[in-house]
Amino acid sequence: MAEAMLKQYRVWDAPTRIFHWVNFGTVLLLLLVGLLMLYKKDLGITSLDAKIAIKEVHILIGYIFALNLLLRLVWGFVGNRFALWRNIVPGRGFGAQLAAYVASIKSGRPQQFLGHNPLGRLAVVLLMLMLLSQAITGLVRAGTDVYYPPFGSTFAAQVAADGVDPASLKPYDKTGTDAVKLKALGAFKGPFGEVHLYTAYALLALILLHIIAVVRAEISEGGDLVSAMFSGRKTLSREPEDLND
């Protein structure tokens, strides 16, 4: 009887699914390489060349991460209705929707949604803000630390001594730099590094909470949440709350 009530819906379009898995993979790799950089001394990595190589790997993965994020931000304005920001970012009436959803969980009969449920929408917004913060601060640090694009040439020009070609500057080498300007750049980049580091910790915690929430929702609400990010289809046992949104 219960299985006869199941109905499948096409929800996540291909670009949204691709973003999800590319983002998952790159964030995981960035966290792992980031930990390697953070604990390089404890791991016996002491040579400057090795330190720079690890940072360059982190940056190259970061480029893929940032490009993927940019494409998702754009897709939020042109994708299908479940990918659109107007259906994700909380707006008018969201408080009532959230209260109704929480009440349904407490009642033991959680509301079902084609797109993100109200708690999921909050999580997506917070996640995207963290990802955007990581992309911006990471690109700034890539420019200040090893003079990588898109800001590297600008920062190199700022710290180059008079008459020195900025393109000749090497990462972590003061040769050809102006000491005063280099110190100023160090003060400028410091806060970006702090934000990058602590947002990474917060992002890791949010990812763990996301996994826990998905498992809980999969068990209590159904919807094939994990497989839906591969197939694009959700299977629900009741009419979804956002069917006609």
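Highest mobility in the GNM of the chain, judged by mean-square fluctuation with C-alpha springs under 10 Å and restricted to V164, V11, V124, is found for V164.
Each residue of the stretch 126-143 was assigned a 3J(HN,Hα) from its phi angle through the Karplus expression (A = 6.51, B = -1.76, C = 1.60, θ = phi - 60°), giving 5, 4, 5, 5, 5, 4, 5, 4, 5, 5, 5, 5, x, 5, 5, 5, 4, x Hz with x at Gly and Pro. Taking amide H as placed 1.01 Å from N in the peptide plane, the amide H of T177 sits under 5 Å from that of A161, each at least 5 places away or on another chain. When each of the peptides 151-160, 171-180 is scored by the mean number of other C-beta atoms lying within 10 Å of its residues, the order from highest to lowest reads 151-160, 171-180. Distances longer than 26 Å among the Cα atoms of the stretch 64-199: what percent of all pairs is that? In whole percent, the share of Cα-Cα pairs in the stretch 64-199 beyond 26 Å is 48.
Kirkwood's formula applied to the C-alpha pairs of the stretch 180-245 gives a hydrodynamic radius of 15.6 angstrom.
When Rg and the Kirkwood Rh are both derived from Cα coordinates, the Rg/Rh ratio for the stretch 28-79 amounts to 1.20.
Over the residues of the chain, the helix contribution to mean residue ellipticity at 222 nm works out to -22000 deg cm²/dmol, using -39500 (n - 2.57) for each DSSP H run of at least 4. Peptides 44-54, 109-119 ranked from most to least packed give 109-119, 44-54, packing being the mean of other C-beta atoms within 10 angstrom over each peptide's residues. For K189, the aspartates and glutamates whose Cα comes closer than 15 Å to its Cα, not counting residues fewer than 8 places off in the same chain, are D145. The packing ranking of peptides 65-71, 206-212, highest mean first, is 65-71, 206-212, where packing means the average number of other beta carbon atoms within 10 angstrom of each residue.
For the chain, the alpha-carbon coordinates run over 79, 38, 29 Å along the three principal axes, in decreasing order.
Lysine pair count for the stretch 1-65 (Cα-Cα distance under 29 Å; residues 8 or more apart in sequence or on different chains): 4.
Counting every pair of alpha carbons in the stretch 97-147, the share spaced more than 13 Å apart comes to 67 percent. Modelled spin labels at V214 and V226, positioned 7 Å past Cα toward Cβ, are 0.8 nm from each other.
Read the figures in this text as sums done on the coordinates, not as results from a lab. Just so we're clear, the structure is a prediction, and the values are computed from it rather than from any experiment. Using ideal geometry, Cβ is built from the backbone for each residue, glycine included, and neighbour counts are taken over all protein chains shown.
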